[in-house]
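The values are calculated or read from the model by the stated rules, or taken from the named source; none is laboratory data. Being a predicted model, the structure only gives us computed values, none of them experimental. Neighbour counts run over all protein chains shown; Cβ positions are idealised from the backbone, glycine included. When the accessible area is computed, the model is the full protein with side chains, heavy atoms only, and any ligands, DNA or RNA have been set aside. Shrake-Rupley method; radii C 1.70, N 1.55, O 1.52, S 1.80 Å.
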Amino acid sequence: MGLLLGGVPGVPPAHVVILGAGVVGSNALQMAVGCGARVTIFDRNIDRLRHLDLIFGNRVETASSTAQALDERIAEADLVIGGVLIPGAAAPKLVTRQMVGGMKKGAVVVDVHYCVANMPGAVARTSTFALNNATIGHAVAITDKGWKRAAADDPHLRNGLNVVLGKVTHEAVARALGHDYTDAKEMLASTQEHPVLREATQRQSSRAKSPIA
């Protein structure tokens, strides 16, 4: 629509509205503030909004996510960025067709979570190193301890389990797919004598003892 996000002397900056103050929303906020835009960011987590307010101060407007507040800010926005994601579940639909219809002519809507799984592939080198840095500790733990012990010891790794021996161990996934949910911690404790798990553990122990050529 021909707007410079940061504006120029005598011309106001564009208004960027960001939905969600998680990883995606925070990065979008950082970019928008860096460009000099007027920014409003929404989230339901007041502690998260308070944290961003401490970092960015009066350079951003933090707002609790309510239907009325969203309707008002989206109507005056030049750019709306959707960054809301619930792990394991479908992203909530916060912006209605009516809200989009009430936006200014030429305003832009960007939904970051739009079912393209390999967006990091656009910056393959950076994303590869970032992924390696984030996962190498888990890979080493699984190699050293085996997946069951590693998951039992590390709540972050355990929270990444979706299915264990046919049982859905991620609550959001179970709810989204209509399956019964089984707590991962309980499942790990109860599978100690499971024949499939025992066989896998024995195979891993055999490989660990085998000399490396």
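Restricting the search to the stretch 46-57, which residues are of a type outside the set (D, E, K, R) and open to solvent by 70 Å² or more (accessible area, probe 1.4 Å)?
I46, H51, L54, I55
Looking for whichever is closer than 24 Å to T66 by Cα, assigned to a helix (DSSP H, G or I), open to solvent by less than 90 Å² (accessible area, probe 1.4 Å) and in contact (Cβ under 8 Å) with a residue 24 or more places away in the chain here; the options are A90, A172. Which one fits?
None of the others qualify; the one that does is A172.
Give the stretch 93-107 a look and list any residue that's closer than 17 Å to I18 by Cβ, among the β-branched types (V, I, T) and assigned to a loop (DSSP other than H, G, I, E, B), or say none.
Selection gives V95 alone.
In the stretch 12-26, what residues are over 21 Å from A91 (Cα atoms) and open to solvent by 80 Å² or more (accessible area, probe 1.4 Å)?
P12
Return yes or no: is R73 assigned to a helix (DSSP H, G or I) and surrounded by 14 or more Cβ atoms within 10 Å (Cβ to Cβ)?
Yes, satisfied.
Those residues that are under 21 Å from L4 (Cβ atoms) and of a type in the set (G, A, S), I need them from the stretch 58-81; list them, please.
A77
Do you know which residues across the stretch 58-70 are exposed (fewer than 13 other Cβ atoms within 10 Å of the Cβ) and in contact with a Phe, Trp or Tyr (Cβ under 8 Å, 6 or more places away or on another chain)?
Selection gives S64 alone.
Restricting to the stretch 33-45, what's the tally of residues that are within 19 Å of the chain's Cα centre (by Cα) and either surrounded by fewer than 12 Cβ atoms within 10 Å (Cβ to Cβ) or not hydrophobic (A, V, I, L, M, F, W, C) (or both)?
Selection size over the stretch 33-45: 3.
Consider only pairs whose beta carbons are under 9 Å apart and that are at least six residues apart or on different chains; among these, list those whose first residue lies in the stretch 39-68 and is in contact (Cβ under 8 Å) with a residue 40 or more places away in the chain and whose second residue is among the acidic types (D, E).
Taking only residues 6 or more apart or on different chains, the pairs are T62/D43; T62/D53; S65/D43.
Got at least one residue in the stretch 171-182 being over 18 Å from I86 (Cα atoms) and not polar (S, T, N, Q)?
Yes, there is a match, as at least one residue in the stretch 171-182 is over 18 Å from I86 (Cα atoms) and not polar (S, T, N, Q).
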